[in-house]
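The values are calculated or read from the model by the stated rules, or taken from the named source; none is laboratory data. The structure displayed is predicted, hence computed values, not measured ones. Backbone-built Cβ (ideal geometry, glycine too); neighbour counts: all protein chains shown.
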């Protein structure tokens with residue numbers, strides 16, 4: 001099936017090719033946490049716990065949605081889930097369209113047996129609501145993996161640069177609203193790497209989404225991924241033209257925070273360090289999503305996933321300590337951050 005090949009291609013390309021934004025960054029280099037030479041804190045007592053969608057995470061960290069549908073994806077997902085369970089963080093699965101349309105692949109998404117306690121996100125492309133999907137498929141995605149919440153991901157640019165992409169994005173917001181109202185679990189709206197604007201955040205808040213993952217620019221460029229998948233020069237040129245498109249993650253986070261007050265925000269898109277995670281939380285994120293680092297770790301095994309989490313956790317704790325923030329609410333104090341232009 002073409003969708004199977006696409007999934008396999010995405011894993012291979014992300015592991016083997018340079019698919020980062022050529023020049024655009026996630027924007028966090030323009031922000032600095034204010035150093036405190038006298039923090040009056042015990043580093044070992046720093047509290048990184050945070051509530052999100054009815055569960056408590058031991059770190060404000062999410063393994064972002066990546067893959068599923070192939071045998072290689074099964075191994076990767078189970079390695080990721082074991083790491084998430086061991087360290088009390090959240091995890092999203094890749095788009096479950098394959099699991100719905102090809103029942104024999106559903107098991108490649110299932111991880112509850114190794115991660116019974118984590119905050120777990122099911123995932124479907126929002127655009128599928130314009131292509132014969134509805135509440136039934138959304139509920140099947142949730143039930144398939146015993147998920148706590150459903151991600152509807154937004155990827156118009158990725159679809160636009162594919163010869164076989166889903167190009168009709170008209171009338172989609174009302175269908176998202178129906179899912180939010182009736183699916184029975186919290187719904188998270190998530191970009192995949194080009195950011196959420198203020199206008200989009202306002203519209204998503206208005207239809208009642210439980211959280212927004214801004215997934216800004218500065219990490220993996222999915223137009224670069226599609227460049228490597230393209231089968232014609234015309235679509236390769238089209239994909240490459242948009243290699244640096246998007247809203248940097250830091251700026252998208254600020255836009256969404258101001259446009260959608262009260263809605264929990266997840267900051268993903270080029271997030272590579274615990275220091276960047278601390279900056280994102282200080283700018284208003286409830287949690288931070290990381291993908292690329294975890295994909296590479298999971299290709300080796302669950303131990304490498306845990307090592308990656310621990311490294312991010314150590315950097316986050318030291319950043320909080322040196323910023324004088326003993327817990328996550330303190331990190332969000334208005335005087336923690338300065339902008340360097």
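Points to keep in mind about this one:
- Pairs where the first residue, in segment 6-17, is in a helix (DSSP H, G or I) and the second is at pLDDT 70 or above and surrounded by fewer than 16 Cβ atoms within 10 Å (Cβ to Cβ), C-beta under 7 Å, 6+ apart: 15/296
- Matching residues, segment 40-61, being in contact with a helix residue (DSSP H, G or I) (Cβ under 9 Å, 6 or more places away or on another chain), surrounded by 13 or more Cβ atoms within 10 Å (Cβ to Cβ) and in a loop (DSSP other than H, G, I, E, B): 41, 46, 48, 58, 59, 60
- Residue pairs meeting the criteria (Cβ under 7 Å; at least 6 apart or on separate chains; first closer than 29 Å to residue 115 by Cα, in segment 33-59; second loosely packed, with under 12 Cβ neighbours inside 10 Å and modelled with pLDDT of 95 or more): 49/56
- Residue selected from segment 166-179 under the condition in a helix (DSSP H, G or I) and in contact with a helix residue (DSSP H, G or I) (Cβ under 9 Å, 6 or more places away or on another chain), by the criterion farthest from residue 21 (Cα to Cα): 178
- Within segment 168-178, one or more residues are surrounded by fewer than 24 Cβ atoms within 10 Å (Cβ to Cβ), at pLDDT 95 or above, in contact with a strand residue (DSSP E or B) (Cβ under 7 Å, 6 or more places away or on another chain) and more than 17 Å from residue 285 (Cα to Cα).
- When 136, 104 are checked against the criterion of being modelled with pLDDT of 95 or more, closer than 19 Å to residue 182 by Cα, more than 19 Å from the chain's Cα centre (by Cα) and not in a loop (DSSP other than H, G, I, E, B), 136 stands alone in meeting it.
- Residue 81 exposed (fewer than 15 other Cβ atoms within 10 Å of the Cβ), under 24 Å from residue 276 (Cα atoms) and at pLDDT 95 or above: no
- Residue check for residue 258: in contact (Cβ under 8 Å) with a residue 24 or more places away in the chain, over 17 Å from the mean Cα position of the chain (by Cα), farther than 20 Å from residue 20 by Cβ and part of a helix (DSSP H, G or I): yes
- Test: residue 288 is within 22 Å of residue 151 (Cα to Cα), in contact with a helix residue (DSSP H, G or I) (Cβ under 8 Å, 6 or more places away or on another chain) and outside any helix (DSSP H, G or I): yes
- Checked against (1) touching a strand residue (DSSP E or B) at 6+ places or on another chain (Cβ under 7 Å); (2) at pLDDT below 95, residue 216 passes all but a single condition, namely (2).
- Restricting segment 318-334 to residues that are surrounded by fewer than 16 Cβ atoms within 10 Å (Cβ to Cβ) and assigned to a loop (DSSP other than H, G, I, E, B), the residue that is modelled with the lowest pLDDT: 334
- Of all the listed residues (115, 163, 189), the sole one being buried (at least 17 other Cβ atoms within 10 Å of the Cβ) and not in a strand (DSSP E or B) is 115.
- Among (1) over 16 Å from the mean Cα position of the chain (by Cα); (2) under 24 Å from residue 329 (Cα atoms); (3) surrounded by fewer than 24 Cβ atoms within 10 Å (Cβ to Cβ) - the single one residue 279 does not satisfy: (3)
- Failed item, numbered, when residue 293 is tested on (1) in contact with a helix residue (DSSP H, G or I) (Cβ under 7 Å, 6 or more places away or on another chain); (2) modelled with pLDDT of 95 or more; (3) within 27 Å of residue 13 (Cα to Cα): (2)
- Failed condition for residue 296, given (1) more than 18 Å from the chain's Cα centre (by Cα); (2) surrounded by fewer than 21 Cβ atoms within 10 Å (Cβ to Cβ); (3) more than 24 Å from residue 188 (Cα to Cα): (1)
- From the list 238, 204, 154, 253, the one residue that fits, being over 20 Å from residue 289 (Cα atoms), at pLDDT 95 or above and buried (at least 17 other Cβ atoms within 10 Å of the Cβ), is 238.
- Qualifying residue in segment 215-235 (condition: within 21 Å of residue 152 (Cα to Cα), in contact with a helix residue (DSSP H, G or I) (Cβ under 9 Å, 6 or more places away or on another chain), without any contact (Cβ under 8 Å) to a residue 60 or more places away in the chain and not in a strand (DSSP E or B)): no
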